[in-house]
1. Out of the GluC sites (Glu not before Pro) in the range 1-55, which ones are loop residues according to DSSP with at most 11 other C-beta atoms within 10 Å?
2. Within straight cross-link reach of residue 67, meaning Cα distance under 28 Å, which lysines are found once same-chain residues fewer than 8 apart are removed?
3. Taking Cα pairs under 8 Å and at least six residues apart, what relative contact order does the chain come out at, in percent?
4. Can you grab the distance from the C-alpha centre of the range 12-32 to the C-alpha centre of the range 37-97, Å, no decimals?
5. Kindly report the accessible area of the chain per residue (heavy atoms of protein chains, probe 1.4 Å, no ligands, DNA or RNA), in Å².
6. With +1 on each Lys and Arg Cβ and -1 on each Asp and Glu Cβ, how big is the dipole of the chain about its Cα centre, in debye rounded to the nearest 20?
7. From a point 7 Å beyond the Cα of residue 49 in the direction of its Cβ, which residues of the range 68-95 have a backbone N at a distance under 15 Å?
8. Report ³J(HN,Hα) in whole Hz for each residue of the range 21-30, in order, from the Karplus equation J = 6.51 cos²θ - 1.76 cosθ + 1.60 where θ = phi - 60°; Gly and Pro get x.
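The values are calculated or read from the model by the stated rules, or taken from the named source; none is laboratory data. In this text, all values refer to a predicted model and were calculated from it rather than measured experimentally. With ideal geometry, Cβ positions are generated from the backbone for all residues, glycine too; neighbour counts draw on all protein chains shown. Please note that ligands, DNA and RNA were not included when accessible areas were found on the heavy atoms of the full protein model with its side chains. Shrake-Rupley method; radii C 1.70, N 1.55, O 1.52, S 1.80 Å.
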Amino acid sequence: MDREFLEELFAPFGEVVIRNMFGGTGSFHRGLNFAGIMDGQFMLKVDDETVGDFVAEGMTPWEYTRKDGKVVTMGYWSVPERLLDDPEEFKLWAQKAFDAAS
């Protein structure tokens, strides 16, 4: 998934700045990081209100292993593939992710 595709995908949502960070990319709207690509997976920010939507879709959280062996789970979950072909529904999920980051 390249930067041009992400910019096109986010276009209906509003202005999104995509920046390289931590070996992946971060997607920022109004200064808040609410989405990105981590370890090759496209992720959206979740909170207690939205995590159930991701679980229902069979999605998984972004996790990484620290040098001490501890696994850390972050507040970003993989995006259902079907959303990449449905701009209107993706816009709704993007808004929820932005709200979660707020």
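1. 15, 49
2. 45
3. Computed over the chain, the figure is 27 percent.
4. Result: 15 Å between the Cα centres.
5. On the way: 6180 Å² over 102 residues.
Dividing the accessible area of the chain by its residue count gives 61 Å².
6. Its charge dipole is roughly 560 debye.
7. Label zone hits: 92-95.
8. 6, 6, x, x, 10, x, 10, 10, 10, 6
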